1. Just by accessible area at a 1.4 angstrom probe, what is the order of ASP79, ASP154 from largest to smallest?
2. Which far-off residues, 5 or more places away or on another chain, put their amide H under 5 Å from the one on LEU92, with H placed in the peptide plane?
3. Using Cα springs under 10 Å in a Gaussian network model of the chain, which residue among GLY76, GLY101, GLY153 shows the largest mean-square fluctuation?
4. Using a probe of 1.4 angstrom, how much of the accessible area of the chain is carbon and sulfur, in percent?
5. Hey, can you grab everything whose amide H is under 5 Å from the amide H of GLN134? Only 5+ residues off in sequence or another chain; H modelled, so Pro and N-termini drop out.
6. Which sequence of TRP43, TRP74, TRP173, TRP111 reflects their accessible areas, 1.4 Å probe, from the largest down?
7. Ranked from the most accessible area to the least, with a 1.4 Å probe and all protein chains present, what is the order of ARG157, ARG51?
8. Work out the length of the dipole vector of the chain about its Cα centre, built from +1 on the beta-carbon of each Lys and Arg and -1 on the beta-carbon of each Asp and Glu, and round it to the nearest 20 debye.
Amino acid sequence: PLPPSPGTPLRILCVSTLEPRKNHRSLLAALRQIAHSHPQLDWELHLIGNRYAGAEAIVHEVQAAAAADPRIRWHGVVDDHTLNQHYAQAQLTVYPSLVEGYGMPIVESLWHGRPCVCHHSGVMAQLAEQGGCQTVDMSDASALAHTLVALAGDSVRYAALAQEALARHILTWRG
């Protein structure tokens, strides 16, 4: 993984079903803040994940955000090959979920050698302890915005997180 080179956007990937506890609203609010406060920062957000029954309001919010800002793209459900391509093209991932049983997208991000920004408590914090993750209070859109801007501008911190992600021992399904 390499930080974005000059003239290329920070490519952010979020893999998650669109449902309330996954907290896409804070992620979208953080990106609106970045767009307003840091218009010089070039970024893209790629969202991959299915709709969740009963959470159509979040689907509509994501669709509206994508319609309002072409840097936001929701790809819906994709096959494994396409998902792997998105991981390969991303500089970092964001997993804004507030409550999880495990947090598989964090582990997938690390397995792909991509730093992950995730919640500062619960299982997300436990997964982050071993490195490769930057934790933040995901219920605070301003804190998330600050974290993303800081990582975009700090190639040393980015490189350290990427190296930690690559160094982690991630079990396979067989393992």
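The values are calculated or read from the model by the stated rules, or taken from the named source; none is laboratory data. All figures in this text were calculated on a predicted structure; none of them were measured in a lab. Backbone-built Cβ (ideal geometry, glycine too); neighbour counts: all protein chains shown. Calculation scope for accessible area: heavy atoms of the full protein, side chains included, ligands and nucleic acids excluded. Shrake-Rupley method; radii C 1.70, N 1.55, O 1.52, S 1.80 Å.
1. On the way: ASP79 90, ASP154 65 Å².
Solvent-accessible surface, decreasing: ASP79, ASP154.
2. Residues meeting the amide H criterion: ARG11, LEU13.
3. GLY101
4. Values: 4720 of 8650 Å².
Solvent-exposed carbon and sulfur of the chain make up 55 percent of the total.
5. Hits under the 5 Å cutoff: CYS116, VAL117, CYS118.
6. Numbers: TRP43 5, TRP74 65, TRP173 230, TRP111 155 Å².
Largest accessible area first, the residues go TRP173, TRP111, TRP74, TRP43.
7. Values: ARG157 80, ARG51 110 Å².
Result of the area sort, largest leading: ARG51, ARG157.
8. On the way: 12 positive and 15 negative charges, 21 e Å.
Once rounded to the nearest 20, the dipole reads 100 debye.
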